[in-house]
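**Q** Here's a structure for you.
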Amino acid sequence: MASGTYKSLQFPSMPDLSGITPDMADMVPDLSGITPDMADMVPDLTNINLDNLAQFNLDDLSGVSETDFANIDITQFKSIPFDLLGTISPDQLNNIPDTIFKKINPSQFTQISPESLSGLSSEQISSFSKNVMKKMLPEQLSAIPAELIEEFSAKQFKNLPSDLFSELSIEQFASITDKAFKSIKGDQFANLSLEIFENFSDEQINTLTKSAMKNISTEQFTSIPADVFNSFKSNQLKKLTPETFAAISLDQFNNIADQYLNKITPDQFSSLPTDIIGKLSEEQFDSISNKVLKKFDSDTLEQLPRSIIETFSTKQFNTLPLDALTGISTKLLSNLPEDVISQVSTQQFSQMNDPLSRKGLDAEMIAMLPANAIRGMTIDQAKRATPSSCSAMTTEQRKEIPAENFGHFPLNVVKSWGEEEAQIFGSEQLSNLNSDQIKVLDNDFLKNLSPEQSALLGQ
C-alpha cells in the first residue's frame, strides 16, 4: 500500500496496559512521552498520497476516492500507469478537474473507457484539447451522451478525425450547435450516415456549408427528405456536383424554392433526369438563369413541356444557342407564341429543321415570320419546301429568298408559281433556275415576266 499523508489524530484516552507482564514489555511502544499536541505525527491511513500513483496497482486505484480524484493535478494524473487508466470509474473520472482535460496526454485519453466518458460533465467535455479530439476513438465518441455533444465547440469539432463522424448517432448529430455545425469540414461531412441525412431538419439544411455541399454523396443527397429541400439556398445548390444533382427526385426538385433555381449551373441542369425537365412548371422555368438557357441543346428543348414552349418570351428564345434549334421538331416550333415567331432572326431561321416542309410550320405561322428571317433559308430547307408553304409567304418574304436557293426548289413548287410570283421574283433569283425547273413553269407565270426576265429563262 502507498504511504500515507500526515493528519491530526486525537486519542480519546491512553491504552489499558494492566495486562502486560514484564516479559512482554519489549513489545509495547513507549507512549509515555506522547502528548495531545504531538498527535499530528501519527500517520492517517484513511487518505491516499496521490504522489505515489505511479506505483499503484488495480486494487490501489480502485480505492482512491472521488474526493481524492478531485484534488489530482496533471502531473499526478500523467503518472497513472496506462494499464490502469481503463479502470477509472465514471464517478472517479467525473471528479477530475476540468483543467486535466486541457493538458492530458492524448495517448492516455485513448485508454479511458467509453463507460467512464459517459459520465463526464459539460465543463469537462468543453475542456477537451484539440490533441484529445484528434485522437478520440470511435467507441469513445459514441459513448458521449447526445446532450453533451452540444458542449463541443466549433474548434473541437473541426479537429475530430473524419472517420469518427460515421459513429455519430441521429441524436448526437441533432445536438450539434449551429456554430459547430458550420465548422464541419467536407471530408468529415462525407462520413455521416444515411440515417442522419434521412432525419435532416430545415435548420440543418440551412446551415450546410459550401464545403459540405461539395462533398455530399449521391446516396446522402437522395436520403434527404423532400420536404426540407425548400430550405436549400441558392448559394448552397450551386455547389452540388452535376453527378449528385442528377440523382435528385421529382419531389425533391419540386420542393426547391423557385427563387433559388436561378443559381443552378448549366451542367447541373443538363444532368437532370428527363422526367423532371418534362414536368417543369412555368414558374420553375422562368427562374432558370440565362446561363442555363445558353447551354440548351435540341434534346433539352424537346423534353420541355409544351405549356412552357407556349409561354416562351422573345428574350428566352433569343438566349437559346443557335444549334439548339437544329433538329428540333416542327411541332415544338409550332407551339411558340406569335410574338416569338414574328421576331425570328435570319440566323435562327437558318437553324430550323425544315420549317417549309410538309410537316413544317403552318401557313399562318409562315406568314408571321419577319421578311429578314427568310434570308436565312438554306438550300436544304428549299429542297423540302412545299407549294403550300411557299404560297403562304408574303411578298416581302419572297423577295428575301436567297437567289442561290432557287435552283433547288422542288418541281412541284416551281410549277405552282403564277402571276403573283412572276411580279415578285427578281432577275437574280430567276437566273438560278435550272432547265428542268424552267420546263415546268406555268404559262400564267411566264406571260407575266418582264422581257428581261423572259430572256434570262430563254423564253
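The values are calculated or read from the model by the stated rules, or taken from the named source; none is laboratory data. The shown structure was predicted, so the numbers you read here are calculated from the model rather than taken from an experiment. Cβ atoms come from the backbone with ideal geometry, glycine included; neighbour counts cover every protein chain shown.
**Q** Name, by its number, the condition in (1) of a type in the set (D, E, K, R); (2) within 29 Å of residue 308 (Cα to Cα); (3) loosely packed, with under 15 Cβ neighbours inside 10 Å; (4) over 45 Å from the mean Cα position of the chain (by Cα) that does not hold for residue 339.
**A** So residue 339 meets the others, but not (4).
**Q** Please find, among 450, 416, the residue that is within 20 Å of residue 399 (Cβ to Cβ), over 60 Å from the mean Cα position of the chain (by Cα) and either of a type in the set (Val, Ile, Thr) or exposed (fewer than 13 other Cβ atoms within 10 Å of the Cβ) (or both).
**A** 450
**Q** Mind checking whether some residue in the range 241-259 is polar (S, T, N, Q), touching a residue at least 12 places away in the same chain (Cβ under 8 Å) and within 29 Å of residue 129 (Cα to Cα)?
**A** So far as the range 241-259 goes, no, none of its residues is polar (S, T, N, Q), touching a residue at least 12 places away in the same chain (Cβ under 8 Å) and within 29 Å of residue 129 (Cα to Cα).
**Q** Go through the range 300-333 and give me each residue that's in contact (Cβ under 8 Å) with a residue 24 or more places away in the chain, in a helix (DSSP H, G or I) and of a type in the set (S, T, N, Q).
**A** 300, 303, 307, 314, 318, 319, 330
**Q** In this structure, is residue 201 surrounded by 15 or more Cβ atoms within 10 Å (Cβ to Cβ) and either closer than 30 Å to residue 99 by Cα or modelled with pLDDT of 90 or more (or both)?
**A** no
**Q** Output the residues belonging to the range 286-299 that are within 21 Å of residue 329 (Cβ to Cβ) and touching a residue at least 24 places away in the same chain (Cβ under 8 Å).
**A** 293, 295, 296, 297, 298, listed by residue number.
**Q** Turning to a different aspect of this structure: Being in a helix (DSSP H, G or I), of a type in the set (A, V, I, L, M, F, W, C) and crowded, with 16+ Cβ neighbours inside 10 Å is the filter here, so list the residues in the range 233-268 that pass it.
**A** Across the range 233-268, the qualifying residues are 237, 245, 253, 261.
**Q** I've got another one for you. Out of 200, 165, which single residue is within 27 Å of residue 223 (Cα to Cα), within 22 Å of the chain's Cα centre (by Cα), outside any loop (DSSP other than H, G, I, E, B) and in contact (Cβ under 8 Å) with a residue 12 or more places away in the chain?
**A** Step by step, each of 200, 165 is checked, and only 165 is within 27 Å of residue 223 (Cα to Cα), within 22 Å of the chain's Cα centre (by Cα), outside any loop (DSSP other than H, G, I, E, B) and in contact (Cβ under 8 Å) with a residue 12 or more places away in the chain.
**Q** Any chance you could count how many residues in the range 275-291 are surrounded by 15 or more Cβ atoms within 10 Å (Cβ to Cβ) and farther than 14 Å from residue 253 by Cβ?
**A** Of the residues in that region, 2 qualify.
**Q** Further question on the same structure: Since residue 344 meets every condition but one in (1) within 37 Å of the chain's Cα centre (by Cα); (2) of a type in the set (Val, Ile, Thr); (3) not in a helix (DSSP H, G or I), which condition does it not meet?
**A** In the conditions (1) within 37 Å of the chain's Cα centre (by Cα); (2) of a type in the set (Val, Ile, Thr); (3) not in a helix (DSSP H, G or I), residue 344 misses (1) alone.
**Q** Ok, one more. What number of residues within the range 319-331 are over 13 Å from residue 293 (Cβ atoms), surrounded by 14 or more Cβ atoms within 10 Å (Cβ to Cβ) and touching a helix residue (DSSP H, G or I) at 6+ places or on another chain (Cβ under 6 Å)?
**A** Of the residues in the range 319-331, 2 are over 13 Å from residue 293 (Cβ atoms), surrounded by 14 or more Cβ atoms within 10 Å (Cβ to Cβ) and touching a helix residue (DSSP H, G or I) at 6+ places or on another chain (Cβ under 6 Å).
**Q** All but one of (1) of a type in the set (D, E, K, R); (2) under 20 Å from residue 149 (Cβ atoms); (3) modelled with pLDDT under 90 hold for residue 123, so report the exception by its number.
**A** So residue 123 meets the others, but not (3).
**Q** A further question follows. Tell me, yes or no, whether the range 369-381 has at least one residue that is among the basic types (Lys, Arg), closer than 25 Å to residue 312 by Cβ and touching a helix residue (DSSP H, G or I) at 6+ places or on another chain (Cβ under 7 Å).
**A** yes
**Q** Could you say which residue among 300, 394 is under 30 Å from residue 275 (Cα atoms), in contact with a helix residue (DSSP H, G or I) (Cβ under 8 Å, 6 or more places away or on another chain) and not hydrophobic (A, V, I, L, M, F, W, C)?
**A** 300
**Q** Now for a different question. Restricting attention to the range 395-413, report how many residues are closer than 14 Å to residue 374 by Cα and either modelled with pLDDT under 95 or surrounded by fewer than 16 Cβ atoms within 10 Å (Cβ to Cβ) (or both).
**A** Total meeting the criteria: 5.
**Q** How many residues does the range 347-374 hold that are within 20 Å of residue 395 (Cα to Cα), of a type outside the set (Gly, Ala, Ser) and surrounded by 15 or more Cβ atoms within 10 Å (Cβ to Cβ)?
**A** Qualifying residue count, the range 347-374: 10.
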